[in-house]
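To start, the structure itself, in structure tokens.
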Amino acid sequence: YHYQRVETPVLPPVLVPRHTEILTELPPLDDYTHSIPENTNFPAGIEPQSNYIPETPPPGYISEDGETSDQQMNQSMDTGSPAELSPSTLSPVNHSLDLQPVTYSEPAFWCSIAYYELNQRVGETFHASQPSLTVDGFTDPSNSERFCLGLLSNVNRNATVEMTRRHIGRGVRLYYIGGEVFAECLSDSAIFVQSP
């Protein structure tokens with residue numbers, strides 16, 4: 001077998017907005033006293049002071065459509081205490097950012113398989129488009145999930161190649177899962193994998 005992996009196209013970088021202003025004053029921590037079991041011990045000086053959990057994320061988060069809500073930017077976070085953040089301590093979000101969604105599309109096939117006998121390719125290259133593929137030595141017609149080497153003929157085939165082909169048997173099953181390729185030997189004989 002000759003296995004040649006199809007290179008995955010390089011994706012463009014994901015653009016993430018950066019905040020140039022550093023907060024000089026940290027907001028008070030939320031109080032989770034009522035959600036923590038009673039048998040929990042807090043180190044000295046770290047006990048929470050209120051039980052309010054905000055329903056919206058803190059300012060600076062961008063929604064899926066790339067917009068920030070006016071409520072997040074114009075309303076300070078109320079932590080249940082008189083202390084509030086002033087709008088000047090919040091990092092401004094630049095609405096003129098040129099952000100584009102990163103689209104990813106799988107290639108038409110995830111690998112190409114070429115069969116060789118004595119350093120000479122036999123038959124056409126097989127392109128795998130299904131997530132699993134069986135390569136075996138039988139003579140059933142090939143389909144998108146199976147590549148049968150028994151169908152391939154070679155006028156220059158000698159006795160050594162004939163004996164070797166008999167060991168292919170049930171062959172190998174290749175899986176493409178999450179961008180990785182796995183091989184499962186189905187034959188009674190071992191397989192050799194060489195990957196660039």
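Figures for the structure shown
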{"quantity": "Filtered residue count, region 147-179, keeping only those that are assigned to a strand (DSSP E or B), more than 28 Å from Tyr104 (Cβ to Cβ) and touching a Leu at 6+ places or on another chain (Cβ under 8 Å)", "calculated": "1"}
{"quantity": "Residues within region 113-139 that are of a type outside the set (D, E, K, R), surrounded by 14 or more Cβ atoms within 10 Å (Cβ to Cβ), touching a helix residue (DSSP H, G or I) at 6+ places or on another chain (Cβ under 9 Å) and under 18 Å from Gln194 (Cα atoms), tallied", "calculated": "2"}
{"quantity": "Of residues in region 94-152 being polar (S, T, N, Q) and in contact (Cβ under 8 Å) with a residue 60 or more places away in the chain, the one nearest to Glu7 (Cα to Cα)", "calculated": "Ser112"}
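A short reminder: the numbers here are calculations on the coordinates, not readings from a lab. A quick note: this is a predicted structure, and the numbers were derived from the prediction, not measured. Positions of Cβ are backbone-derived with ideal geometry, glycine not excepted, and every protein chain shown enters the neighbour counts.
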